[in-house]
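Here is the structure we will look at.
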Amino acid sequence: MDFNNKTVLITGASRGIGKAIALKLASAGANIVIAAKSIAEDGRLGGTIYSAAAEVEAAGGKALAVYCDIRDEKLIQDTMEKTVAAFGGLDMVINNASAINISNTGNTEPKRYDLMFDINVRGTFMVVRYAYPLLKKSSNPHILTLSPPLNFDMKWFTPHLAYTLTKYNMSLMSAAWAEEFKKDGIASNSLWPATMIATAAVKNILGGEKLFQISRKPDIVADAAFYILGKNAGGTTGNHFIDEDVLRGEGIRDFDSYSVTPGGPLQRDLFL
């Protein structure tokens, strides 16, 4: 798993799962482009692109902190140009940035609907669109999208239709890119956690301390991403991975160390 001199662009990497993946890959020698819009700290969520960059460098990698709101394609283009200027190219893209609003149709405000579609769907698409010419030049290019396997049980639609549609759009794009970019040797896969992940958003916005305590640390997703991205791109594409399954494939059976409360109950994630 040699990530030395590999350049990885991670959207939304200033905190949470994105930052955990950044630190894991940095510890293996990767160059990390932290593409996010957090330049001032949000008290509820914590972290900025600059604090994340400092942690990446402390972990052993090189960091480039770039202000990038993926709703703006000009900022995406600028991010690609800065990536090439700093590191000479791009090897991997991790589509982590995502907006969430758990509400049914009647309670989904238009601005929240637009935000989710602009970030989760349009933003993810545009990041890959502008990364594609750079990824074609890599010796082992990967696209990894943080989105779920496609499960069409209506219980995943009726409580939060708009959010489900955006996350499934991300998964459909991931699958489509695997076919579209096969000729270029670019892998495209999705990754989703088996349980809720203990992030500041879960604790301070979605579910409070109770949900936080029955979640796993972001490290489990980071470790799974590490193994996926370390594979040969030509032979690892078109998958909707679950973090537990990836780790089991690597011979890991004990996940207790990933739990916020070792030995305690765990909340399954959405869509599973």
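The values are calculated or read from the model by the stated rules, or taken from the named source; none is laboratory data. All figures in this text were calculated on a predicted structure; none of them were measured in a lab. Glycine also receives a Cβ, built like all others from the backbone with ideal geometry; neighbour counts cover every protein chain displayed. Please note that ligands, DNA and RNA were not included when accessible areas were found on the heavy atoms of the full protein model with its side chains. Shrake-Rupley method; radii C 1.70, N 1.55, O 1.52, S 1.80 Å.
Things to note:
- Here E109 sits with roughly 100 square angstrom of accessible surface, probe radius 1.4 Å.
- Note on D184/R122: beta-carbon distance plugged into 1/(1 + (r/R0)^6) with R0 of 25 Å gives a FRET efficiency of 0.65.
- The apolar share of the surface of segment 126-174, taken as the fraction of accessible area on carbon and sulfur atoms (1.4 Å probe, ligands and nucleic acids excluded), comes to 62 percent.
- Between E109 and D153, the C-beta separation translates, for a Förster distance of 22 Å, into a calculated FRET efficiency of about 0.25.
- For the chain: span of alpha carbons on each principal axis (Å, largest first): 45, 42, 38
- Taken per residue, the accessible surface of the chain reaches 43 Å², heavy atoms only and a 1.4 Å probe.
- Square roots of 5 times each gyration tensor eigenvalue, C-alpha, segment 120-160, largest first, Å: 30, 12, 6
- Cα→Cβ-extended label distance, 7 Å offset, between L211 and R44, nm: 1.2 nm
- Our estimate of slack between D254 and A176, defined as 0.36 nm per intervening residue step minus the Cα-Cα distance, is 24.7 nm.
- Debye-formula intensities of segment 114-196, expressed as log10 I(q)/I(0) at q = 0.13, 0.19, 0.23, 0.27 Å⁻¹, are -0.44, -0.85, -1.11, -1.34 (one equal scatterer per alpha-carbon, no solvent).
- Measuring nothing but how far apart in sequence close Cα pairs (under 8 Å, 6+ apart) lie, relative to its length, the chain scores a relative contact order of 18 percent.
- FRET E, pair A200, A85, Förster distance 30 Å, beta-carbon r, rounded to 0.05: 0.40
- For segment 116-272, a Kirkwood radius taken over Cα pairs fed into Stokes-Einstein (20 °C, viscosity 1.002 mPa s) yields D = 129 µm²/s.
- C-alpha center-to-center spacing [segment 62-102, segment 1-43] in angstrom: 10 Å
- Nitroxide proxy distance, nm - points 7 Å out along Cα→Cβ at D72 and D245: 3.9 nm
- Ellipticity estimate at 222 nm from DSSP helix runs (n ≥ 4, -39,500 (n - 2.57)) divided over the chain, nearest 500: -11000 deg cm²/dmol
- Enclosed volume per residue, in Å³, of the convex hull spanned by Cα atoms of segment 1-95: 82 Å³
- Tally of Lys pairs whose C-alpha atoms are under 22 Å apart, taken over segment 139-272, 8 or more apart or cross-chain: 6
- Cα-centred dipole magnitude for the chain, charges only on beta-carbon of K, R (+1) and D, E (-1), debye, nearest 20: 180 debye
- These residues, H240, H142, go from largest to smallest accessible area, 1.4 Å probe, as H240, H142.
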